[in-house]
Each structure stands twice: as structure tokens, then as C-alpha cells.
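Below: one structure, written as C-alpha cells.
Read-outs throughout are calculated quantities, based only on the coordinates presented, and are distinct from any laboratory measurement. Values in this document were obtained by computation on a predicted structure and should not be read as measured data. Here the Cβ positions follow ideal geometry from the backbone for every residue, glycine too, while neighbour counts run over all protein chains shown.
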Amino acid sequence: MTNPLLALPFEGSIESLGAAYWDVVEAAQFPRTQLRFRNNLVLHQLGMDAQQVSDADLEQAFGRFEGRVPFLALRYHGVQFGNYNPQLGDGRGFLYGQLRDRHGDLQDLGTKGSGTTPWSRAGDGRLTLKGGVREVIASEALYRLGVTTSRTLSLIETGEDLYRSDEPSPTRSAVMVRIARTHLRFGTCERLLYLRDARGLERLLRHVVAVYYPVIAADHPAVDGDRGAMQRQLLAFYGELVEQVARLAAEWMAAGFVHGVLNTDNMSLVGESFDYGPFAFLDRWDPSFTAAYFDQTGLYAYGRQPAICRKNLQMLQEPLALLLPREAMEERLDRFAEIYSQHYCARMRRRLGLPEAGDDAVVRHTLALLAAWPVGYGDFFASLCRCVDEQGLPEEAEALKPFVLDAPEPPRDIWQSWRDVWWIEQRSAADVMQRLQRWNLLCPPTRPLIETLWEAIDQHDDWAPYGAWLDTVMGRGG
């Protein structure tokens, strides 16, 4: 039977930009391939019947990389922990292909761990199995929590021994494939500034607008030779990107997620979260918490993420200034704080089981309670969900008791303030329960949980706990 993955209708979207933006590369050859994760929901999104795609099909297409060429390693630069790095680019992955999903949106299939490229910088171009396991956890947990994120399509173990300074070695190897709206980044633009290639930058941005911002392309048509029309279109794009990134930062913060490395090469030109390395989910609410052990100054700490996202948008003005006036870009960037605050309030309210529309009083009281009560950030919402599920909504505020099991009593005045403002907003027990169940995880993937899941795999090759946790997150079946 023909492998349906090898018959997908790929489009040459990025290829149409020309060879100045990428390099043709070859995939590595691995000793063996063993599928460890498949995402049937993503296969469905790509218009496929998952039952018609076998595990062997996935291994052939995304482990042995048969029947698909060329592969493209994208070129980009980036500001990493405050230092500009012109030696970047896809160093252990590539663009496998681009195709339309069932909604008509163009999607990238991007690999990680698929071999060396011209940008590997003496690295081996491989991905550890633990890194792949973690990326599946991050992408699927964030998707479940309502974050605008890439998703993992497949994870395949590849039979090599890898040596890493930050993992017990030798460690197992893997290759993963993600689906993302685009792998074009802020750093893609920064590279063109470095090269002083204004024409190449305009070509790139007009491509981004045409493909990913069709409403802007229609409302602000750019006519060749009309600099004013071009500027109006690209300013509208920048303004929309500001809003997308502000909303993304709010989604991370509401989810209690710390990306870890918010360098400009990890910022997408469509405001989508992707590429999960040293991420973490909060245990306790702590604005100073950092995810990367090498972030010694706390530059990318949890509480600094909105400011860093805004700073990255401001740095994006440097290359865009080859084409656009700075003052007009600053006017659009000024909206960041308002958009962020509104979206953060809405996302926090729904985690509390409340309608998104409403004031931020309950959010402010929630943060005060979390700061004063030593409970897990995700456990707080999960415990509220369990409480309402088991006991229903209390008929009066005083009937609601502290609900996090085995936790110390919260400060009385702070608890009562939160309890009263949360209770008064209730309307329907069914609606509250539906929101609580939809927007919270009963087992948040904090570091201890991830390590427990990985230990079963590493020590006993036992994938059952990992699969069971994913089932609770994804509602998988079939």
C-alpha cells in the first residue's frame, strides 16, 4: 500500500523566495527507527484519515526520510541573551515541506534532530530522546491550555548514543516533526539587516503578509513601485504582529509557562510559540523563576516575559527601519501593554471558570492569593476544578473552603477577599465546570512530573505513564 504521507500536496512557498533564504540539506541516516509518539489530531488537521496512516508510514517518512526532497535549512541570525549572533540558522533540523491544512492555512512541517546542516556549528545535528519527549509535553500541554503554539506530529527514536553536557550520557537519540504556521523568525529579518539587503527584506515581508496576513494584503495592497502603499501594508503587518505577540505573552503567563530562551531567533513572524528547549511550567507562582540553568541573571524569568517580548518587537524595528519610519512603528508598539493586559485578564478568568469578559478584580485577587499561599500554580486551578466537580458551587461564599489538599491554610484575609470576589461572579454551575475542565490540566507538567515520566522511559523503557498522561491532556483515542 502506498504511504499517504509521501503523497501529500506540498507547496513551494518558501522556495519561491529564492535561494538567498535557505540551504538545501540532506537528512541523516539512522541505525533504526521506532515510533514513540504520533499525533492523530494533527494528521486530521492536515486533512488525513489517521486510520489510514500506519506507524510504519510515519517511520518511513519522518525517520528514514524516504521519498521527499529537497529539505531546506533556513538562514537567520538572532540576539541571544543580549548578544547579536550572526552564526545561526537551522542547525539540527530543516523544513520538511509546506502544505495546506483542512482550513486552507499553510503549515510548515519542520524537523528537529534530523542531522547536520551548514549551520550546525560543530554540533552533531541530533536531538536527545528526552528532549523530544519534553517537546511533546510542552506543545500538547500548551495547546490544551489555549496557547497559540506549534504541535508535535511525530517522535521517532533513532538508535544512536548521544553525549551531552547537560544530560547523563550516553543518552538516547530521536527525531521529531512539528507542525507550525511558519519557521520564519524575527532573526530572519535581522540577518537581512546585517547584510544590508533592503530589497531582500521587502521581498520577505511582502511574502509573509501575502501568505499569513491575507486580510492585511487585501486591505492594504502593495503596488510595485509605490513606496507609500508598501509602507502602509508593512506598518499594518507590524501592528498586527505586535498584537499577536502581546496575546502570546499573555497566554504564556496565564498558563504559568516559562519559555526559557526568548531570543529573537525563537520569535515567530506570526506570533506563534515554538521550539521548546529548557522550558518549565511554574510550580509555585514566582515572577523570578527561570527555566534555563544557564540564565544566570534571570533575563528570561517568568515575570519578565512580557517585557522581553516587547523588547524583541522593538529590536525588530531595527531591520524594519530599512523600509519603515520608526515613529510609526513605535505608535503601533505602544498598544502592546493594553492588548497584553486585556488578553491576560480574559485568559485568567476562563481558567477560573468565569466568562472571559469581565473586570480584572478577580485576577488581581487570584495573584495576591497565589503569592501568599504556598501551593502549586497549576495545582491551584486543578484543585478548584476538582472542588466544583465534587461539591458543586457553594450557595454562599462562606461555604467555600480552601480546596488545595495537604496545603497549609492561606492567610485568612487574602483567602476571604479572593473567595468573595470569585463567588459573586458565578452564574451557572454547569458553565463554570465546563470552563474549569476545558482550560485546566488536572496533572500540570511541572519538572517533578516530567522527570517521573522520563525516569520510567529511561530506566525501564516503560512508556505507559507518559502515554496515560498524554491521554488526559489530549483526550486521545484510536
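Fewest neighbouring Cβ atoms within 10 Å first, the residues 327, 425, 356, 59 line up as 327, 356, 425, 59.
Normalising the Debye intensity of region 1-84 to I(0), with uniform scatterers on Cα atoms only, and taking log10 at q = 0.16, 0.17, 0.18, 0.27 Å⁻¹ returns -0.82, -0.89, -0.95, -1.30.
What does the charge count around residue 101 come to, taking other residues whose C-beta lies under 13 Å from its C-beta (Lys +1, Arg +1, Asp -1, Glu -1)? Local charge sum for residue 101: +1.
Determine, for each peptide in 82-93, 249-260, the mean count of other beta carbons within 10 angstrom over its residues, then list the peptides with the highest first.
Numbers: 82-93: 17.2, 249-260: 24.2.
With the highest mean Cβ count within 10 Å placed first, the list reads 249-260, 82-93.
Given R0 = 35 Å, the distance between the Cβ atoms of residue 286 and residue 51 translates into a calculated FRET efficiency of 0.20.
With contacts taken as Cα pairs under 8 Å at a separation of at least 6 residues, the chain carries a relative contact order of 13 percent.
Neighbour counts of C-beta atoms inside 10 Å place 339, 179 in the sequence 339, 179, starting with the fewest. Take each peptide in 188-199, 6-17, 140-151, count the other Cβ atoms within 10 Å of every residue, and average; sorted highest first, the result is 140-151, 188-199, 6-17. For region 7-60, the list of trypsin sites (Lys or Arg not before Pro) that fall in a loop by DSSP and count at most 13 other C-beta atoms within 10 angstrom reads 32. Residue-normalised convex hull volume from the C-alpha trace of region 264-324: 101 Å³ per residue. Cα-based radius of gyration for region 271-369, normalised by 2.2 N^0.38 Å, reads 1.30.
Loop-resident chymotrypsin sites (Phe, Trp or Tyr not before Pro) (DSSP state other than H, G, I, E or B) in region 291-387 with no more than 14 further Cβ atoms inside 10 Å of their Cβ: 293, 294. A straight Cα-to-Cα reach below 25 Å connects residue 112 with the lysines 130, residues fewer than 8 places away in its own chain not being considered.
With all pairs of separate Cα atoms included, the chain yields a Kirkwood hydrodynamic radius of 23.7 Å.
Measuring r between the beta carbons of residue 390 and residue 431 and using R0 = 30 Å, the FRET efficiency lands at 0.95. Structural size metrics of region 4-183, computed from C-alpha coordinates, are Rg and Dmax of 15.9, 48 Å. Rg and Dmax of region 181-325, based on Cα coordinates, read 16.4, 55 Å.
Here, P(r) means the percent of Cα pairs in each 10 Å bin from 0 to the largest distance; for region 352-439 it is 17, 56, 27, 0. The order of the peptides 399-405, 204-210 by mean Cβ neighbours within 10 Å, most packed first, is 204-210, 399-405.
For the chain, what does -39500 (n - 2.57) per DSSP helix run (n ≥ 4), summed and divided by total residues, give at 222 nm, in deg cm²/dmol to the nearest 500? Please list the in-between numbers first.
Numbers: 16 runs with 204 residues, N = 478.
Taken over the chain, the calculation gives -13500 deg cm²/dmol.
By the rule of a C-alpha distance below 12 Å, with chain neighbours fewer than 8 residues away ignored, the aspartates and glutamates paired with residue 401 are 409, 420.
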